[in-house]
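A.B. asks: Take this structure, written in structure tokens, and hold onto it; I'll ask about it next.
The values are calculated or read from the model by the stated rules, or taken from the named source; none is laboratory data. These numbers come from a predicted model, not from an experiment. Heads up, the Cβs are rebuilt from the backbone with ideal geometry, glycines too, and the neighbour counts pull from every protein chain shown. Surface accessibility is based on the protein's heavy atoms, side chains included, excluding ligands, DNA and RNA. Shrake-Rupley method; radii C 1.70, N 1.55, O 1.52, S 1.80 Å.
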Amino acid sequence: MDGSASLSRAVPEDVLRPTLRDEPAPDVFSKAYEFRRADEVRALGLYPYFVPIEASDATEVTVEGRRLVMVGSNNYLGLNHDPRVIAAAQEAMSKYGSACTGSRFLNGNTDLHDRLEVELARLTGKPAALVFPTGFQTNLGVISALVGRNDTVFIDKLDHASIVDGCFLSPGETVRFRHGDLDDLDAKLARVPSRGKIVAVDGVFSMEGDIVDLPRVVEICERHGSRLLVDDAHSVGVLGATGAGTAEHFGITSKVDLIVGTFSKAFASIGGFVAGERSVIQYLKHHARPLIFSASMPPSACAAVLACIEILRAEPERREQLWAHGRRMRDELKGLGFDVGGAEAPIVPVIIGGDLQTFAFWKRLFDEGVYTNPVISPAVPEHSARIRTSYIATHTNEQLDFVLEVFHKVGKEMGVI
Ligand SMILES: Cc1ncc(COP(=O)(O)O)c(C=O)c1O
């Protein structure tokens, strides 16, 4: 079969019919040529993205020769500069090389990938786990492989983009419910009784810092015969008695079907995983396209995560310190008069409102020596643009005092408080 025959099956008939109108065909690049927003913000001196960091020691970074206190990372346990993590990664790089140069399916699997899966199953309390090149690809692969034509996936409106895109890739139906509104989820599940169902929620919402009411989600899923996936990107290593995530935090690990996580945050590396029952993991191993058709995590990244898991077990005080910092910053920022939304985790948003006002606020913080993340729609609902702050176990109290001082100064200056 030639290429055009397969194309004509995939594309509706009228799209291939030549147009009779005398109009030039649109250029797919026209949207790029018309895109001005980034340059407009740059011209105002407020462009906040792709900031080149020249050096870092986790809690502080250097930009244009200036040191800034970092409260805009996801380096929750402060492990990306830990000498044990770096040594493990270096040793693996020497032994296995810089990369696998292939998919795990064919030539990119090592004993380190396999060992990591055993450790992740142990950590999450699930029978098996599967490691992907990134957390984003994990959600893409898991959702698109599991949600078939006769299935419906129910997602929170503020779920991470990778869950949303996983739904786009799946042939099933997607139903969104209002953020945190579990009555809405309940009602929507009741409307589709005769399809396969799975609910996918973030454990900790990355831009809000709130924790999903997982016991209630579990109860609703059980009543409607739905499977449940929890994306614990911001919870593994952070939440739960041993850092196993949201299900452990609520003591309901056996009630959550699939736990998804990433290594790009508390585990100071790159990669992602899903943990669940053995047969589902086995199925995903042979059907998740981002796993099969993309190169595997570098062995050095696997070794870094294995070292992080060991440290997580040996040093629970890191998690305690992280939470103490998160609570302190939430309470003190709120006390200064900032709107911190419903933050519960060590992610504390400071809601500003408009995009430009948020960029201007970000820039003043940056100039004063505090590195944060400005977040605008569509990552957050419109008119609730914010400065996202997040904390690191190894921040010192002096660094956090400084951050609060700067927020106070800039907040007053800009009329936010
Ligand atoms: C909730 C959530 N899920 C998934 C991801 C993707 O993780 P990764 O960085 O490993 O692709 C992120 C990263 O921002 C996230 O916040």
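A.B. asks: Taking segment 61-78, which residues are touching a Ser or Thr at 6+ places or on another chain (Cβ under 7 Å) and within 15 Å of VAL236 (Cα to Cα)?
C.D. replies: ASN74, GLY78, listed by residue number.
A.B. asks: Going by what's in this entry, would ILE220 be described as outside any loop (DSSP other than H, G, I, E, B) and either within 13 Å of the ligand (Cβ to nearest atom) or within 27 Å of VAL305 (Cβ to Cβ) (or both)?
C.D. replies: No.
A.B. asks: In segment 191-217, how many residues are open to solvent by less than 10 Å² (accessible area, probe 1.4 Å) and part of a helix (DSSP H, G or I)?
C.D. replies: Result for segment 191-217: 2.
A.B. asks: In the list LEU229, LEU214, which residue meets the criterion of being of a type in the set (A, V, I, L, M, F, W, C) and more than 12 Å from the ligand (Cβ to nearest atom)?
C.D. replies: Testing whether each residue is of a type in the set (A, V, I, L, M, F, W, C) and more than 12 Å from the ligand (Cβ to nearest atom) leaves just LEU214.
A.B. asks: Sticking with this structure for a sec: Can you name the residue in segment 128-142 that is surrounded by fewer than 23 Cβ atoms within 10 Å (Cβ to Cβ) and more than 8 Å from the ligand (Cβ to nearest atom) and is also farthest from the chain's Cα centre (by Cα) among such residues?
C.D. replies: ALA128
A.B. asks: Could you list, in sequence order, the residues of segment 54-98 that are among the acidic types (Asp, Glu) and more than 30 Å from GLY108 (Cβ to Cβ)?
C.D. replies: If the condition is that a residue be among the acidic types (Asp, Glu) and more than 30 Å from GLY108 (Cβ to Cβ), then GLU54, ASP57, GLU60, GLU64 are the ones that fit.
A.B. asks: From (1) more than 19 Å from HIS160 (Cα to Cα); (2) open to solvent by 10 Å² or more (accessible area, probe 1.4 Å); (3) away from the ligand (no atom under 14 Å from the Cβ), pick out the condition that doesn't hold for LEU322.
C.D. replies: Of the numbered conditions (1) more than 19 Å from HIS160 (Cα to Cα); (2) open to solvent by 10 Å² or more (accessible area, probe 1.4 Å); (3) away from the ligand (no atom under 14 Å from the Cβ), the odd one out for LEU322 is (2).
A.B. asks: Would you mind finding the one in THR152, THR174, THR124 that is open to solvent by less than 50 Å² (accessible area, probe 1.4 Å), at pLDDT 95 or above and away from the ligand (no atom under 16 Å from the Cβ)?
C.D. replies: THR152
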